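Read through the structure below, which is laid out as structure tokens, and then see the notes.
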Amino acid sequence: MILGATGGSAINIPTLPGEDWIATAIERSRNALRAAKSTADRVALLRSLARLLGGRITLAEYGVRLSASEIELLARFGLALTNNDAAVRVVDEEDMPGLSGLTTALVLDGQPRQIFETASPDAVLLRLTDHSQYRTTAQKAAVRALLTQPDGSGLMVSMPTGSGKSLLFQIAANFGREVEPGACAIVITPTVALALDHERTLSGMRGLEGSRALTGDTSPADAEAIINGFRRGTVPILLLSPEKALNRVLSDHLVEAAMPTSVEYGLDARLTHMFIDEAHIVETWGRSFRPDFQRLPALLARLRTANPSLRAVLLSATLPDTSRAILRESWKLDGEWLEVDARLPRYEHDVVIGHFPWEGQRQVALDHVIDRAPRPLILYTTEIAAAKVLHDRLRDERGYGRVALFTGDTGARDRRRIVEDWAGDAYDIVVATSAFGMGIDKPDVRTVVHACLPEGPARWYQEIGRASRDSGQGLAVCLFVDGARTSDVKQAYGLATAGWLTRDLAEQRWSAMVKAAGGRKFVGERQQMTIDLDAFREGLRPKAGDWNRGWNMTLLTLLQRAGILRVQTIATDGDQPEFSWTVEILDHRALDGVNDDLWQKISDFRAGELAEVRADLDVFVDLMRHPDRNCVTRTTFELIEPRSFAPPCGRCPSCRKANVVPPRLLHAAGLEKIWTSPTPTRGSLPCDTLIVAPADPHFDAGLPKLVAILTAAGVDQIVVPFGLAERVAKLMVASPTRLGLVLDEREWTGGNRLADVATAVLLPDTSVGAEAFMDRVELFRRDHDAPLLVVAGPDRIVRGRRLDQSLSRYAPYSQDMLALNADTAGLA
């Protein structure tokens, strides 16, 4: 196949509203087709391009000439020549056995699928980013919570994959650096791939170009340069693995940066926030796989010792109740705590599920899917060895060249190269384990295939979320073996329930650790001790090793989750945990020999965790075995977010069978959450209700002057009639307020609340709108202790009464009077 250099560049590809993703995908496919060398890659990309063009492609129009070998391969990819061999069309096919719905799912749907209701911008968003609006009201609520966060508090945010959680640490860093040039944040990420992807994204953002990722794969020379830059304040966001963050030397530098004043001339870093990305991993991976995740709260406690005002922010796309409770208990510490939840499912994907009694049948189905699925594509499996087998087969037997392998065994240099090349469209397929993808933001991924059964609903939901971040059509295919001899189902249960010690072994290990413990001392009424992680239980040969230390760490984190002790130490040697941890005993019975009541409590706690995992997996497995009975996406989402309600997705096997239409719009939650502590106010406005008579009661030509006067008087939040939010936000960008929070009347309804800051409410012209606003004003006055300015004519009649007779105990202010008094000692 030859693709001409001009390749139809003069062709105008028509796009309808909401179809921009198709134009981008066409351009991506054309460029990839030019770069592809192997026959399989080129024919697969030709199919993707033909599908995007409505099912056929005129070859000459796109500068394509087919070789004999490519023509011979067309049938494998569901293509055929047409129009006297001048064009190639996608062949109408029947679903192959076990793949019901695939043919329907491959039909192009050009309508935007990310049907989240967007939210009006705030001035801070327009000032610090290139965004013109928020993706959802939940994102708006999360940013508001971040910027009004009290000192020493914790914020936990749950929003869908691809809905913009990263915006929070981007805004936090830039917002702080407006006042303090060395202000910075650390972001703890669970995977190297995610850290590198964040670094790549941040490098192109205004004010954040100096952000760097520091992982165990970073070379010593680069690590030293990054650390020195961070200490000087030139690294606005430092991305760290948990192990790296707990490194003794680096954690000392973090404490140094957290201090309110410089410890040495030239060390200008001022650490303001600690972010935990993909926070649900702290609970799930921290049980046994990487216990350092559950030691991170000790790092926060140490940083807060240096600076009590340091804020913690936990970000996740999924937060099951078990994870939520553990995170809240571990991270709240002594500060105020707030949780902002979108309660919003993602419905961009056409879902296809197939299960087979034999591996050979799954392999035939997988080949069929890979040959036809739109590119770019991620192929997930569970085990590293299985991923390598799949990758080698695609390359050596199926003829694909534009394919990469990414697992936990992938070396540092290759990880960085793959992440960069994936972002740059050098690959069409990445074969991966869970080490790849979490939080990696490549918006145009079209397909996610699981050649396995994920070990829980959260993993499946997270990983299909790698696709369709650009709002375009996505495909999610899960193919698993469910047979007597080979079973992905058994493997899923094994992985989900691994890492829990039996009571007898836990007792023996704890007794051994207590016996070998040193450094005992009392801090207040509680005893602290240093636990030797190389302590070995009775019956084991005395030896040190990762295996033994791993089980001891697993037990300590279990005891921490059960409230028996708290891990205090954060010191590590290099990137590996030191062989001793310091713990504080919370339940003294842990030191009273084998206390039956205590160990029954621990055993019951462990059994409860295991039962919850099993219960969720039981539902998930039944759902995947019988996908035509219940909406797959909705049921999975409600397993992860059990207090949420979601409509059927309209795109899974059950919905297709019942002819369910996808929802037209999904509304996010979040704006109902505010801090109980008020944000300090600017200016001298009294914490009461004032009436301000505007010079322009229609908020038209006089709006710029009104906004300037309100913000000069100390207003940080303005509520406006529908249609004015974007204009007011733009006017507030250059005003005295740094926050510039804006809500329109649609966003101030139901349970949604305003931030506890000085607020102006611009009363709508309509009687209905004015009455609704006045109801909300009463709620604001009841729940808040911040200044409230109602901007309307004092003689305005609302529900039969003049505003100046019913609303305020102060005499009304004209707009000009407010301007005159804005710089005085007060308005009372």
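Contact map, segment 554-568: residues that are assigned by TED's automatic domain parsing to the domain that holds residue 513 paired with residues that are polar (S, T, N, Q) and surrounded by fewer than 21 Cβ atoms within 10 Å (Cβ to Cβ), Cβ distance under 6 Å, separation 6+ or inter-chain. Pairs shown: 554/288; 568/582. For segment 348-445, which fully contained strands (runs of 3 or more DSSP E) count at least 1 residues that are of a type in the set (Ser, Thr, Tyr) and without any contact (Cβ under 8 Å) to a residue 40 or more places away in the chain? Ranges flagged: none. Considering segment 299-329, and only residues there that are surrounded by fewer than 24 Cβ atoms within 10 Å (Cβ to Cβ), small (Gly, Ala, Ser) and outside any loop (DSSP other than H, G, I, E, B), the residue that is modelled with the highest pLDDT turns out to be 306.
Mind listing whichever residues of segment 77-107 are closer than 30 Å to residue 647 by Cβ and crowded, with 17+ Cβ neighbours inside 10 Å? I'd like the intermediate steps shown before the answer.
The initial filter retains those residues of segment 77-107 that are closer than 30 Å to residue 647 by Cβ, namely 95, 98-107.
Across segment 77-107, the qualifying residues are 98, 99, 100, 101, 102, 105, 106.
Note on segment 710-736: residues that are assigned to a helix (DSSP H, G or I), among the hydrophobic types (A, V, I, L, M, F, W, C) and crowded, with 24+ Cβ neighbours inside 10 Å total 5.
For segment 320-346, which positions are within 16 Å of the chain's Cα centre (by Cα) and not β-branched (Val, Ile, Thr)?
Step one: list which residues in segment 320-346 are within 16 Å of the chain's Cα centre (by Cα), which gives 320, 323-324, 327, 339-346.
Residues satisfying the conditions are 320, 323, 324, 327, 339, 341, 342, 343, 344, 345, 346.
Entry remark, segment 109-158: residues being under 30 Å from residue 55 (Cα atoms) and out of contact with any Ser or Thr (no Cβ under 8 Å at 6 or more places or on another chain) number 4 in total. The residues of segment 145-188 include none that are at pLDDT 95 or above, among the charged types (D, E, K, R) and closer than 21 Å to residue 666 by Cα. Among the residues of segment 348-355, some residue qualifies, meaning at least one is closer than 30 Å to residue 670 by Cβ, in contact with a Lys or Arg (Cβ under 6 Å, 6 or more places away or on another chain) and among the charged types (D, E, K, R). Residue 165 meets the conditions (1) buried (at least 22 other Cβ atoms within 10 Å of the Cβ); (2) within 25 Å of residue 417 (Cβ to Cβ); (3) in contact with a Gly (Cβ under 9 Å, 6 or more places away or on another chain) in every case but one. The failed one is (2). If the condition is being in a helix (DSSP H, G or I) and touching a residue at least 60 places away in the same chain (Cβ under 8 Å), then segment 575-614 contributes 588, 590, 591, 599, 602, 603, 606, 609, 610, 612, 613, 614.
Within segment 448-554, which helices (runs of 4 or more DSSP H) (wholly inside it) include 1 or more residues that are in contact with a helix residue (DSSP H, G or I) (Cβ under 9 Å, 6 or more places away or on another chain) and surrounded by fewer than 23 Cβ atoms within 10 Å (Cβ to Cβ)? So the answer is 488-496, 503-516. So is residue 739 hydrophobic (A, V, I, L, M, F, W, C), within 30 Å of residue 179 (Cβ to Cβ), surrounded by 14 or more Cβ atoms within 10 Å (Cβ to Cβ) and at pLDDT below 90 or not? Answer is no for this residue.
Of the residues that make up segment 361-383, is at least one closer than 28 Å to residue 640 by Cα and at pLDDT below 95? Checking segment 361-383: at least one residue is closer than 28 Å to residue 640 by Cα and at pLDDT below 95.
Say we look at segment 512-536 and pick out the residues that are aliphatic (A, V, I, L, M) and at pLDDT 90 or above; which of these is nearest to residue 584 (Cα to Cα)?
To start, the set of residues in segment 512-536 that are aliphatic (A, V, I, L, M) comprises 512-514, 516-517, 523, 529, 531, 533, 535.
After this cut, where a residue has to be at pLDDT 90 or above as well, the list is 512-514, 516-517, 529, 531.
On the way: 512: 17, 513: 14, 514: 12, 516: 16, 517: 12, 529: 7, 531: 10 Å.
Top of the filtered list is 529.
Quickly run through segment 692-708 and pick out the residues that are crowded, with 23+ Cβ neighbours inside 10 Å and either more than 29 Å from residue 130 (Cβ to Cβ) or touching a residue at least 60 places away in the same chain (Cβ under 8 Å) (or both).
Start the filter on segment 692-708 by keeping residues that are crowded, with 23+ Cβ neighbours inside 10 Å, which leaves 692, 706-707.
Listed by number, the residues that qualify are 692, 706.
Which of the residues that make up segment 615-651 are among the aromatic types (Phe, Trp, Tyr) and in a loop (DSSP other than H, G, I, E, B)?
Within segment 615-651, the subset among the aromatic types (Phe, Trp, Tyr) is 620, 637, 645.
Passing the criteria: only 645.
Here's the yes/no breakdown for (1) modelled with pLDDT of 90 or more; (2) closer than 29 Å to residue 162 by Cα:
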residue: 446; (1), (2): yes, yes
residue: 451; (1), (2): yes, yes
residue: 463; (1), (2): yes, yes
residue: 468; (1), (2): yes, yes
residue: 472; (1), (2): yes, yes
residue: 484; (1), (2): no, no
residue: 487; (1), (2): yes, no
residue: 490; (1), (2): yes, no
residue: 499; (1), (2): no, no
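For segment 87-124, what are the residues that are in a loop (DSSP other than H, G, I, E, B) and over 29 Å from the mean Cα position of the chain (by Cα)? Matches in segment 87-124: 91, 92, 93, 94, 95, 96, 97, 98, 99, 100, 101, 107. Please determine whether any residue of segment 42-50 is part of a helix (DSSP H, G or I), of a type in the set (A, V, I, L, M), surrounded by 22 or more Cβ atoms within 10 Å (Cβ to Cβ) and more than 34 Å from the chain's Cα centre (by Cα). Within segment 42-50, one or more residues are part of a helix (DSSP H, G or I), of a type in the set (A, V, I, L, M), surrounded by 22 or more Cβ atoms within 10 Å (Cβ to Cβ) and more than 34 Å from the chain's Cα centre (by Cα).
Where the second residue is surrounded by fewer than 12 Cβ atoms within 10 Å (Cβ to Cβ) and the first is among the aliphatic types (A, V, I, L, M) and lies in segment 260-275, which pairs have Cβ atoms under 8 Å and are six or more apart or on separate chains? Between residues of segment 260-275 that are among the aliphatic types (A, V, I, L, M) and residues that are surrounded by fewer than 12 Cβ atoms within 10 Å (Cβ to Cβ), there is no close pair. Out of all the residues in segment 137-146, is one or more in contact with a Phe, Trp or Tyr (Cβ under 7 Å, 6 or more places away or on another chain) and assigned to a loop (DSSP other than H, G, I, E, B)? No.
The values are calculated or read from the model by the stated rules, or taken from the named source; none is laboratory data. Keep in mind it's a predicted model, so treat the numbers as computed, not measured. Note that we place each Cβ from the backbone using ideal geometry, even for glycine, and neighbour counts take in every protein chain shown.
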